[in-house]
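Data first, discussion second: the structure below is written as structure tokens.
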Amino acid sequence: MKEPASIVEDVVFMELPRLIDNHGMWVCRQIVGGRLVNCYNKEDWLLPLMFLSRGGTKTGGTHPVDVIPGIENYNATHLVKAHTKYGDAVPSILQLVSSM
């Protein structure tokens, strides 16, 4: 049987549509053997609005994930003009993350 951390090498979350919680982030960190990067946009208003009904607005796509060690955070606010424009910024984000 393989170790859980050997399942996936590297992961880059972009506009992560998930409330930040210890357990969920811990599970992600256990599965990813390499880099786990969270790219977020502080000025995105649409993503938190979608999560108001779930009792929270602190999503991985709009905040750094600092509840679990080993998760890198990258503020992509300067690259993403709007929630619907995130796809246009993917090449630039991946280039910057790979040089970190």
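Scanning the range 18-38 for residues that are open to solvent by 40 Å² or more (accessible area, probe 1.4 Å) and touching a Gly at 6+ places or on another chain (Cβ under 6 Å) yields a count of 3. Just so you know, in the range 1-21 the residues that are of a type outside the set (S, T, Y) and in a helix (DSSP H, G or I) include one that is modelled with the highest pLDDT, and it is P4. If you go through the range 78-95 one residue at a time, do you hit one that is outside any loop (DSSP other than H, G, I, E, B), open to solvent by less than 90 Å² (accessible area, probe 1.4 Å), aromatic (F, W, Y) and at pLDDT 90 or above? So far as the range 78-95 goes, no, none of its residues is outside any loop (DSSP other than H, G, I, E, B), open to solvent by less than 90 Å² (accessible area, probe 1.4 Å), aromatic (F, W, Y) and at pLDDT 90 or above. Residue count for the range 39-53 satisfying the condition of being of a type in the set (F, W, Y) and open to solvent by 90 Å² or more (accessible area, probe 1.4 Å): 1.
Would you check which residues across the range 25-48 are assigned to a helix (DSSP H, G or I) and at pLDDT 85 or above and list them? Scanning the range 25-48 gives M25, W26, V27, C28, R29, Q30, I31.
The values are calculated or read from the model by the stated rules, or taken from the named source; none is laboratory data. Note that this is a predicted model, so its numbers are computed, not measured. Cβ sites come from the backbone with ideal geometry, for glycine too, and all protein chains shown count toward neighbours. Calculation scope for accessible area: heavy atoms of the full protein, side chains included, ligands and nucleic acids excluded. Shrake-Rupley method; radii C 1.70, N 1.55, O 1.52, S 1.80 Å.
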